[in-house]
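Each remark here refers to the structure printed beneath this line.
The values are calculated or read from the model by the stated rules, or taken from the named source; none is laboratory data. Predicted, not measured: the structure shown is a model, and the values here were computed from it. Cβ atoms come from the backbone with ideal geometry, glycine included; neighbour counts cover every protein chain shown.
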């Protein structure tokens, strides 16, 4: 039996995948099914429009969209889907130190929100997607609580290690 993906992870180019893989990995760690695809806002606009319009009908709950350069993908997807969209600005080869991507995703007009994480922070996008889903899933919420506790314990271990 194949579980329905709850999170769609899309990116503008295959070159974005090394960054976006962090979202895939953390969501899989939480036991959340994902689908991954390349959906370019500029090179495949029809595919992008279909993806955005159909995502909720396939059972997705959240979309994570990563893009570099002009980074239109997250905002364009957010403009046509009823789902929450998390944007991941990616520092690409044609980027201006990532600032072009950050500002393109961050500066959305009212009515078209995109939750935006830090440059190349796909892991945080995955965690945020898991938190959104966990708001209505008690088992996943407990996994999130356990995860946060593990972060606290890692810091305590680091503290003990430097104090000798």
Odd one out for residue 103 among (1) within 17 Å of the chain's Cα centre (by Cα); (2) free of Cβ contacts under 8 Å to residues at least 40 places away in the same chain; (3) over 19 Å from residue 129 (Cβ atoms); (4) surrounded by 15 or more Cβ atoms within 10 Å (Cβ to Cβ)
(4)
Filtering the stretch 7-21 down to residues that are surrounded by 19 or more Cβ atoms within 10 Å (Cβ to Cβ), touching a helix residue (DSSP H, G or I) at 6+ places or on another chain (Cβ under 8 Å) and not in a loop (DSSP other than H, G, I, E, B) yields 7, 8, 9, 10, 11, 19, 20
Could you pull out the residue among 55, 121 that is surrounded by 12 or more Cβ atoms within 10 Å (Cβ to Cβ) and either over 20 Å from residue 28 (Cα atoms) or under 11 Å from the mean Cα position of the chain (by Cα) (or both)?
121
Kindly provide the set of residues from the stretch 57-71 that are modelled with pLDDT of 95 or more, touching a strand residue (DSSP E or B) at 6+ places or on another chain (Cβ under 9 Å) and part of a loop (DSSP other than H, G, I, E, B), ordered by number.
60, 61
Counting only residues that are touching a residue at least 24 places away in the same chain (Cβ under 8 Å) and out of contact with any strand residue (DSSP E or B) (no Cβ under 8 Å at 6 or more places or on another chain), which one in the stretch 22-35 is surrounded by the fewest Cβ atoms within 10 Å (Cβ to Cβ)?
31
Taking the stretch 124-147, which residues are part of a helix (DSSP H, G or I) and over 16 Å from residue 28 (Cα atoms)?
138, 145
From the option list 64, 38, single residue qualifying as surrounded by fewer than 18 Cβ atoms within 10 Å (Cβ to Cβ) and touching a helix residue (DSSP H, G or I) at 6+ places or on another chain (Cβ under 7 Å) is 38
Filtered residue count, the stretch 72-97, keeping only those that are in contact with a strand residue (DSSP E or B) (Cβ under 6 Å, 6 or more places away or on another chain) and assigned to a loop (DSSP other than H, G, I, E, B):
4
